[in-house]
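A.B. asks: Starting off with a structure, shown below.
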Amino acid sequence: MKKTDKTDYEKLIIHKITKQGKKPVKFKVLLSDMKKSVHKFDFDAFTKSLEKLKREGRLIEGDKGIILADLKKLIRCEVVRVSKTFGFVRRLKDNTEYFVAGRALKGAMPSDIVLCREVKSNGSSPEAEVVTVAEENCNRFTGDIVKEFGRLRVMPDNLSKNAMDFRNDDGIAVAEGDKVMAEIVKRGSSHSEHICRILSSFGSSLRASVCALSVLDVNGVTPVFPPEVIANAREVSDYREISRQGEKRLDLRDKKIFTIDGADTKDIDDAISVSRTDYGYELGVHIADVSHYVRPRTALDDEAFKRGTSVYYANRVVPMLPKELSNGICSLNPNEDRLAFSCLMKLDSDGIVISFDFKKTIIRSRVKGVYSEINELLEGFNSKALSEKYSEVMDCLPVMDELAKKLKKRKISRGAPSLESVESKLVISDEDICVDVMPRERGRSEELIEDFMLLANECAARFGKSHKLPFVYRVHEDPSAEKLGTYKGYLTLLNVPFPNNKMKFEPKDFSDILKSVKNTKNELAVNNMTLRTMAKAKYSVEPIGHFGLVLSDYAHFTSPIRRYPDLAIHRIMTAYLAGVFSYDECVKRYASFADSAAENSTNAEIRAMTIERDCEERYKAEYMKSRIGNVIDGVISSAASFGVFVILPNTCEGLVHIDTLPEGEYYFDGAVSLRNMNTGVKYAVGDPMRVKVTGVNVSAGKVDFEPVFSEE
């Protein structure tokens, strides 16, 4: 064969590898053979063809050489997560997730498309190894500048436990300890062999605020809006439009409407009104009419869709919409006229919705309520200052509390599981340093507002479903049989009864299990297991219901300033109610929009939750750095083969590594405990443990503890 086109090289390579059967062919041997057999051998064409065959998964190159791949045994996956020692890939065909050991990742990065081969699993998750990277989709990562053998290198925050060499083409000033953004310019066969270049430096990795900026950046989130978006926001923020809309809307400015939020909240998107009636109650949930300002196919809408949600961390927010809207014309500030989209509900004396109506309204909030202040008033602490502030709505509070108690009772009677999840409150100084961490307290007013919003969200879903509109629902699927099987195994380890012989596992079953361990040693472990067993809530165009809330109809309607799915259904409902389009036109116009909004909003929510968790870990680590050497009583929150994690009363968590436990051979039960086989001592989730803070890594958000045992 003397043709030198690309196709012939591929055929010739396959032919020569096939002749060797299952015996691997070294690259040097293949190259030598090709040079001998091809007239006017083209090395570049040969190597490009070889790389293409490997990328397609038709050839596999290992330490022993190159062999033909069995394509029937390869699975096409997307890399979803990569840590320093392992990763996960998701099969594109059915979304099955596989664990991949670090050495088997072949240098693959998150979002890369890879061809994998299933291997024997050593744990509960299916396992695979990467055969080849088919599509390179991600090259950016964050890391710290470290010095190794007198030379600066980049230690990735994830990806690898080994530092990488880097280029600094733009001459960016970097020093040891800096947090940087880098980009891979040449890939190796493992993460540590990649070569990168520095894109930017954030500053010292010892500062949580600096590390948080890197977390935002690597996830593609920026606090800065493009100029055209700001211009669009300023253009639509015409306060004269509110008075112009007055005659076209239901005027509720004479109603006792007010907001309840945190003291520092600036993006106020929901208000309430409540009164007692002959038949029961009237409840109004009044939501900022964001869709009036954010119109389709505008710079504002494109940016809001791209962001999907606001991101909250520490004392900051990266908003979905510019402040001109989020803190300005859309925010339901007290004593200012605002355009709203109101859900007006009539409920009977038991708190059951008799009827509901959605109306475009104009409102004026009487007061900016604050959770802590409303809690005091509900508990009977009526100070002179609070009585004066809330004088216009004081008579609404007991009615509001009475209705909320009935709604909560109904929620419990449905069998909705009550999962405990303690949120953290970070105290940030003027110098932008975390100076305290404590559990965030939830009082009566927080629960009350949540229950009112749930009701409005349910009504919105019922509206969309009953009118058969293209819609974005908030759904929560039933737990999978596989996860329930694992859950049963965990409960068996703890001697917690599991309901057997049931055709279908109900939310009430979870609720009964959680009640059975309330205020016992097993409460924390069972709560954590239940959370892991349940499916993740998401957005969908199919109204399949919400398992955790035990609702057949549910959507997100109440936060269009900070969530795009809420804005999406506002837009669809507005068009339908206005009668601008026929039903068929509405379906044609919004079916594709609803579908893309649901998928994008789910992904945006996952990204935001990851960012918020990662940032919080770094702020907590910054605070714990000032506590190194302190001895604190905590509780074991989870167990692993390499140690146990301990959570402190302030919600900070750290690792007690197995090497710091008393000497012996340890056995991990795969779920909740680590046992010293020499002494029989067991360290289980829920057990108290006194620990000493021994190390902190702010950049990674990690805290290390050592156990402190009494000498008695």
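Every number here is computed from the coordinates shown, using simple stated rules; none is lab data. For clarity, every value in this text was computed on a predicted model and none was experimentally measured. No Cβ is skipped: glycine too gets one built from the backbone with ideal geometry, and neighbour counts run over all protein chains shown.
A.B. asks: Just name one of His657, Pro126, Asn375: the one whose Cα is farthest towards the positive end of the charge dipole of the chain (beta-carbon charges, Lys/Arg +1, Asp/Glu -1).
C.D. replies: Going by the Cα projections, it comes out as Pro126.
A.B. asks: For region 435-524, rounded, prolate or oblate, judged on the Cα gyration tensor with a ≥ b ≥ c (square roots of eigenvalues), a/c < 1.5 rounded, else prolate if a/b > b/c?
C.D. replies: oblate
A.B. asks: For the charge dipole of the chain, defined by +1 on Lys and Arg C-beta atoms and -1 on Asp and Glu C-beta atoms about the Cα centroid, which residue among Leu455, Ala101, Met438 has the Cα displaced farthest towards the positive pole?
C.D. replies: Projecting each Cα onto the dipole axis, the largest value belongs to Ala101.
A.B. asks: Run the numbers on the chain and let me know its relative contact order in percent, using alpha-carbon pairs under 8 Å that are six or more apart.
C.D. replies: Details: 1410 pairs, mean separation 68.7, N = 712.
Rounded, it is 10 percent for the chain.
A.B. asks: Please state the charge dipole magnitude for region 481-534, taken about the Cα centre, from unit charges on C-beta atoms (+1 on K and R, -1 on D and E), reported in debye and rounded to the nearest 20.
C.D. replies: I would put it at about 20 debye.
A.B. asks: Let me ask something additional. Could you give the size of the charge dipole of the chain about its Cα centre, using +1 on the Cβ of each K and R and -1 on the Cβ of each D and E, expressed in debye and rounded to the nearest 20? Please report the intermediate quantities before stating the final value.
C.D. replies: Numbers: 109 positive and 106 negative charges, 634 e Å.
Taking the Cα centre of the chain as origin, the dipole is about 3040 debye.
A.B. asks: Enumerate the amide H contacts of Asp687 below 5 Å, restricted to partners 5 or more residues apart or on another chain; note that Pro and chain-start residues carry no placed amide H.
C.D. replies: Residues meeting the criterion, in which the H sits 1.01 Å from N, are Ile636.
A.B. asks: Nearest 10 degrees is fine. How inclined is helix 208-218 to the longest principal axis of the chain, computing both from alpha carbons?
C.D. replies: Tilt relative to the chain: about 70 degrees.
A.B. asks: Of the listed peptides 318-325, 155-162, what is their order by residue-averaged count of other C-beta atoms within 10 Å, with the highest listed first?
C.D. replies: Details: 318-325: 22.0, 155-162: 20.0.
Answer by packing, highest mean first, reads 318-325, 155-162.
A.B. asks: Return one number: the angle in degrees, 0 to 90 and rounded to the nearest 10, between the long axis of the Cα atoms of helix 43-55 and the longest principal axis of the Cα atoms of the chain.
C.D. replies: Its long axis makes an angle of about 50 degrees.
A.B. asks: Also: Once a ≥ b ≥ c are taken as the square roots of the eigenvalues of the Cα gyration tensor of region 284-387, is the result rounded (a/c under 1.5), prolate (a/b larger than b/c) or oblate (a/b not larger than b/c)?
C.D. replies: On the way: a/c = 2.07, a/b = 1.34, b/c = 1.54.
Judged from the Cα gyration tensor, region 284-387 comes out oblate (a/c at least 1.5, b/c at or above a/b).
A.B. asks: Any idea which of Pro499, Cys211, Ala684 is furthest toward the positive side of the dipole for the chain, if Lys and Arg beta-carbons carry +1 and Asp and Glu beta-carbons -1?
C.D. replies: Going by the charge dipole, the pick is Pro499.
A.B. asks: With bins 5 Å wide starting at 0, give me the P(r) of region 140-205 over every alpha carbon pair, in whole percents.
C.D. replies: 4, 21, 34, 27, 12, 2, 0
A.B. asks: Could you state the number of Å between the C-alpha centres of region 41-92 and region 284-301?
C.D. replies: Cα centroid of region 284-301 versus Cα centroid of region 41-92: 47 Å apart.
A.B. asks: Å³ per residue of the Cα convex hull, for region 6-68? Don't skip to the answer; put the middle values down first.
C.D. replies: On the way: hull volume 4.7 nm³, N = 63.
In region 6-68, the Cα hull volume divided by residue count equals 75 Å³.
A.B. asks: Go ahead and run the numbers for FRET between Glu56 and Glu477, Cβ-Cβ distance against an R0 of 30 Å, rounding to 0.05. Before the final figure, lay out each step's value.
C.D. replies: Numbers: r = 35 Å, r/R0 = 1.17.
E between Glu56 and Glu477, to the nearest 0.05, is 0.30.
A.B. asks: Between region 524-602 and region 133-153, what's the alpha-carbon centroid distance in Å?
C.D. replies: A separation of 39 Å, based on Cα centres.
A.B. asks: Right, another one. Spin-label point model (7 Å from Cα, Cβ direction): what's the Asp395 to Leu250 distance in nm?
C.D. replies: 2.2
A.B. asks: Given 5 Å bins starting at zero, what is the percent of C-alpha pairs of region 361-438 in each, up to the one with the largest pair distance?
C.D. replies: The percentages, shortest bin first, are 3, 11, 14, 13, 14, 17, 16, 9, 3, 0.
A.B. asks: Also: Starting from the exponent 0.38 and prefactor 2.2 Å, build the expected Rg for the chain from its residue count and divide its actual Cα Rg by it. Intermediate results must be reported in sequence, preceding the final value.
C.D. replies: Details: Rg = 29.3 Å, N = 712, 2.2 N^0.38 = 26.7 Å.
This ratio for the chain stands at 1.10.
A.B. asks: Report ³J(HN,Hα) in whole Hz for each residue of region 594-603, in order, from the Karplus equation J = 6.51 cos²θ - 1.76 cosθ + 1.60 where θ = phi - 60°; Gly and Pro get x.
C.D. replies: Here the 3J(HN,Hα) series is 4, 5, 5, 5, 5, 5, 5, 5, 4, 5 Hz.
A.B. asks: Ranking Arg103, Arg91 by Cβ neighbours within 10 Å, fewest first, what do you get? Intermediate values should be presented prior to the final figure.
C.D. replies: Working: Arg103 10, Arg91 17.
Going from least to most buried by this count: Arg103, Arg91.
A.B. asks: Once every DSSP H run of n ≥ 4 in the chain is given -39500 (n - 2.57) and the sum is divided by its residues, what mean residue ellipticity at 222 nm do you get, rounded to the nearest 500 deg cm²/dmol?
C.D. replies: Details: 16 runs with 221 residues, N = 712.
Rounded to the nearest 500, the figure is -10000 deg cm²/dmol.
A.B. asks: Residue by residue through region 413-426, what is 3J(HN,Hα) from phi via Karplus (6.51 cos²θ - 1.76 cosθ + 1.60, θ = phi - 60°)? Round to whole Hz and write x for glycine and proline.
C.D. replies: Along region 413-426, the couplings run 5, 6, x, 5, x, 9, 8, 8, 9, 7, 8, 9, 10, 9 Hz.
A.B. asks: Still on this model: For helix 27-37, report the angle its Cα long axis makes with the longest principal axis of the Cα atoms of the chain; keep it between 0 and 90° and round to the nearest 10°.
C.D. replies: It is inclined by approximately 60 degrees.
A.B. asks: Let me ask something else. Packing-wise, with mean Cβ within 10 Å as the measure, how do 412-424, 483-495, 258-270, 613-625 rank, highest first? Intermediate values should be presented prior to the final figure.
C.D. replies: Numbers: 412-424: 13.2, 483-495: 16.1, 258-270: 18.6, 613-625: 22.7.
Highest to lowest by the protection proxy: 613-625, 258-270, 483-495, 412-424.
A.B. asks: Right, something else. Under the rule a/c < 1.5 gives rounded, and otherwise a/b versus b/c splits prolate from oblate, where does region 481-534 land using the Cα gyration tensor?
C.D. replies: On the way: a/c = 1.58, a/b = 1.42, b/c = 1.12.
It is prolate, given that a/c is not under 1.5 and a/b is the larger ratio.
A.B. asks: Let me ask something else about it. Mind checking the dipole of region 405-456: about its Cα centre, +1 per Lys or Arg Cβ, -1 per Asp or Glu Cβ, Debye to the nearest 20?
C.D. replies: Working: 11 positive and 11 negative charges, 186 e Å.
Dipole magnitude for region 405-456 comes out near 900 debye.
A.B. asks: Hey, another quick one. Based only on other Cβ atoms within 10 Å, what is the fewest-to-most ordering of Asp357, Asp509, Asp566? Walk me through the numbers before you get to the answer.
C.D. replies: Working: Asp357 13, Asp509 16, Asp566 28.
If I rank by nearby Cβ atoms, fewest first, I get Asp357, Asp509, Asp566.
A.B. asks: Using only alpha carbon pairs under 8 Å that are at least six residues apart, calculate the relative contact order of region 481-534 and give it in whole percent. Mind showing how you got there, number by number?
C.D. replies: Working: 24 pairs, mean separation 23.3, N = 54.
About 43 percent, as a whole number.
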